[in-house]
Amino acid sequence: MNLIAASSSRTARRASAGSANHLALSSDSKVLPEDIERLAGLERPRVILSAGARRAMRRSRATLAELRAGGAAVYGVTTGFGPFVRYAATRPGSETHGLGLISHLCAGFGEPAAAEVVRGTMIVRARAIAAGHSGVSIQTLQAYLALLSHGIVPEIPELGSVGASGDLIPLAFAARTLRGLGMVRMDGKRMSASAALKRAGLPRLKPPSRDVLGLVNGTSFMTSYAALALCRAERLLETAERLTGWAYQLLGCRAQALDPRLHRARGHVGQVVSARRILDQAESDPQQPAFEDPSRPLQEVYSLRCAPQFLGACRDQIMHARQLIEREINGVNDNPLIFGDSAEAPAAALHGGNFQGQQIAFAADTLNSAVTQIAVLAERQIDVILSPTHNGGAPLLLAWEPGPCSGMAGAQITATALVADMRHHCQPAATSSIPTNGGNQDVVSMGTNAARHAYHQTPRLSAVLSVLALSLARLRDLRAQRRAPGRPGPYPNWLPPTRSFRHDVPLHNDIRKLADTLLAPTPSASLSASR
C-alpha cells in the first residue's frame, strides 16, 4: 500500500496557488499540470501576479536598467536577434526593435491550435516571467494576462516551432495581440485583435524589445501541449485499468495474476498500482466479489494476464513525464536571465540556452509511447472480448444472431485502424534535430512536435478505449438477454449508460460521445448513472 500511496498520480496532490477560475502566480508556489488544464478550459480564466511576483519583477527590471547604464551588452536589447547578435541594435530596446521581432516571427503554418492549448501557453509563459529573472515590465505582463481574463484567444498556427530558442513563432502570434495585430477568437467569434481589444476596453501596447523577447523566448507552447497531454493520459490510463478489471470480472479470469504479492516481488511501483486498480474493479460486484471462474484456463492470454505489467510500465513512464513537465512549468526558460547582486556573484544578464526544449521533447515522446501502448493492449483486449474462444462462449463479434447480424465487427475494425494510426504518429521527435536559423540553431529539440503529437494521440486512445467499453457492455447485455452464457454482473457506475440493440446499428456516434466523455477533465453527470 505504501507503493500505491507514493505513486498515485491523481490523489493527495500538493496544494497549488490556484482554485476555481483563479490562479495567483508566485515564485514560491507551484503550478501543476492540473492547474493549467483547469484554467485553460475556461473562457475567461483569471491569472494574477502575487505581491511577491511583482516585487521580483521590479527588482529584475531595475537590475536590467543598471546593467544597461553600466554599458553591459544584453542580447535582444543592445543587439540583434538570433544570428544577428553580432550586430548592434540601431535603437537599443526600442519598441520598433520589438515590433520587428514579432513581425518576422509571425510565419507558421497549419490550423489554429486549440483554445485550451493557447490559454495554457499564455499561463505557462506568464509563470516563467513572474519568477523575476526576465526583466519584463509588470505593465506588459498584466496586459498579457488581461487577454485571458477578457476571453481573447490569439490565433496561433500549430506548425512552425522547432523547440530550440523556445517556441518563437507560436509565442510571437500571442505577443502581437497586445499591439492589436493578427486574428483572435472572442466570445465564439473570429475577429481582428484590434477589434477584440476595443471590445474589451483594453489599450494597445507597444512594448520595448526586452518585453517582447521575454514573451516569445521560451518553451511555453510545447509545455502547454505536454501538460494537457499528461492530464489526459493519466485519466485514460485509469480508464484502461478499470476496463481491464471489468473484463476480469465478466470473464471470471484467474485472480492469481492480480495478487499483490506477485507484483511486489518484482518491485516496479507502477505495476503494483495498476494491479491493485484492476483488482479493485474486478472485485467491485457486491453480489460476487470472488469473481474467478475455476473453469477458465490457469493462465490467460497476455493481454489479460500481463495487463498489470503493460499498464504498470505505462504508469511509470507517465509519472516520469509528470516530473519533467512540472519542473518546466515552474522553471525559467527564456534568455538572457537577469540576476541581481548576491553573495555568490555580482548582478548580471546571463546568456545561455534555457529555452532549449529537450526535456519536454523526451517527456512528450515518453507520453506518446505510453499512450500508444495502452491502445495496443486495449485493441487486443477487444479481440478477446469478441472471440468465442476467450469470451466464455458468447457469439462471434457479439452478434445478436451470427450471420444475419455482425455485431461489433465495424467497431473492432475502427479500433484496429486507430491503433495503426497511433503507431504511425508514435515516431520519436526528440532526436530529430534539423539545423536552422542561419546555422545559429544548429541543434534543436523538436519538443513542440513531440508535445503536439502526444496531445493529439489522446483522443485516438480515448476512442479505442470507448470501443473496448462498448464491447464489454455488449457482452454484459447479451448475457442479461440470455443470448450468451454467464452472469452479467453490475454495470460500472463510473461509465455512461450504453444502449442495447438486437439489430446492427451505426456506432459512430456512440464511440465519439463516449470518447469525449472519457477524455473530459471533469466527469459529466452521466458518469455516476447506473445502467
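The gain in end-to-end length when the Glu43 to His351 segment is fully stretched comes to 107.2 nm, 0.36 nm per residue minus the alpha carbon separation. Counted residue by residue at 0.36 nm each, then reduced by the alpha carbon distance between them, the extension gain from Asp516 to Glu401 reaches 38.4 nm.
Residue by residue, region 194-203 carries 3J(HN,Hα) couplings of 4, 5, 5, 4, 5, 4, 7, x, 9, x Hz when phi is fed to the Karplus relation 6.51 cos²θ - 1.76 cosθ + 1.60 (θ = phi - 60°); x denotes Gly or Pro.
Cβ crowding within 10 Å, taken as a proxy for footprinting-reagent exposure, orders Tyr225, Tyr491, Tyr248 from fewest neighbours to most as Tyr491, Tyr248, Tyr225. Under the simplified labelling scheme, the Ala417-His320 pair shows an inter-label distance of 3.4 nm, with each label point 7 Å from Cα along Cα→Cβ.
Here is how the number arises for the chain: DSSP H runs of 4 or more residues each give -39500 (n - 2.57), the sum is divided by the residue count, and the result at 222 nm is -16500 deg cm²/dmol.
Taking amide hydrogens as placed 1.01 Å from N in the peptide plane, the amide H of Thr436 sits under 5 Å from those of Gln441, Asp442, each at least 5 positions away in sequence or on another chain. Axis angle, to the nearest 10 degrees, between helix 138-149 and the longest C-alpha principal axis of the chain: 30 degrees.
When Thr90, Thr372, Thr416, Thr517 are arranged by Cβ crowding within 10 Å, least crowded first, meaning fewest neighbours, the order is Thr90, Thr416, Thr517, Thr372. Considering the values [x] 1.10; [y] 1.33; [z] 1.25, which represents Cα Rg over 2.2 N^0.38 Å as calculated for the structure under consideration? Among [x] 1.10; [y] 1.33; [z] 1.25, the one calculated here is [x]. Extending 7 Å from the Cα toward the beta-carbon at both Met191 and Ala265 defines two label points whose distance is 6.7 nm.
Take the alpha-carbon centre of region 312-330, take the same for region 118-133, and report the distance between them in whole Å. Each part's Cα centre sits 20 Å from the other's.
In this simple spin-label approximation, Gln299 and Asp28 carry label points 7 Å from Cα along the Cα→Cβ vector, and these lie 5.8 nm apart. Taking other Cβ atoms within 10 Å as a rough exposure proxy, Phe501, Phe109 sort from fewest to most as Phe109, Phe501. Report the local net charge at Ser149: Lys and Arg +1, Asp and Glu -1, summed over other residues whose C-beta lies under 13 Å from its C-beta. Computed value for this residue: +2. 3J(HN,Hα) along region 359-367: 4, 5, 4, 5, 4, 5, 4, 4, 4 Hz, from the Karplus curve 6.51 cos²θ - 1.76 cosθ + 1.60 with θ = phi - 60°, whole Hz, x for Gly and Pro. Bridges between two residues of the chain, per DSSP, are antiparallel at a rate of about 75%.
Which of the trypsin sites (Lys or Arg not before Pro) found in region 412-494 are in a DSSP loop and have at most 10 neighbouring Cβ atoms, other than their own, within 10 Å? Answer in residue order: Arg482. Judged by the mean number of other Cβ atoms found within 10 Å, the most tightly packed of the peptides 78-89, 94-105, 294-305 leads the ranking 94-105, 78-89, 294-305.
Extents of region 2-218, taken as max minus min of Cα coordinates on every principal axis and listed largest first, are 59, 40, 34 Å. Region 376-395 and region 54-109 have Cα centres lying 61 Å from one another.
The stretch between Arg91 and Asn330, if pulled fully straight at 0.36 nm per residue, gains 82.7 nm over its current Cα-Cα span.
Close amide H partners of Gly180, meaning residues 5 or more places away or on another chain with modelled amide H under 5 Å apart, are Leu205. Note that region 53-59 has calculated 3J(HN,Hα) couplings of 5, 5, 4, 5, 5, 5, 4 Hz, one per residue in order, obtained from phi through the Karplus relation 6.51 cos²θ - 1.76 cosθ + 1.60 (θ = phi - 60°); glycine and proline are x. Rounded to two decimals, the Cα radius of gyration of region 276-407 over 2.2 N^0.38 Å is 1.79. Pair-distance distribution P(r) for region 208-361, from all Cα-Cα distances in 5 Å bins starting at 0: 2, 8, 14, 14, 12, 9, 8, 7, 7, 6, 5, 4, 3, 2, 0, 0 percent. With R₀ set to 25 Å, the beta-carbon distance separating Gln288 from Phe501 gives a calculated FRET efficiency near 0.40.
Values in this text are rule-based calculations from the coordinates and carry no lab data. Keep in mind the model is a prediction, meaning the values are calculated, not measured. Ideal geometry is used to build each Cβ from the backbone, glycine not excepted, and the neighbour counts take in all protein chains shown.
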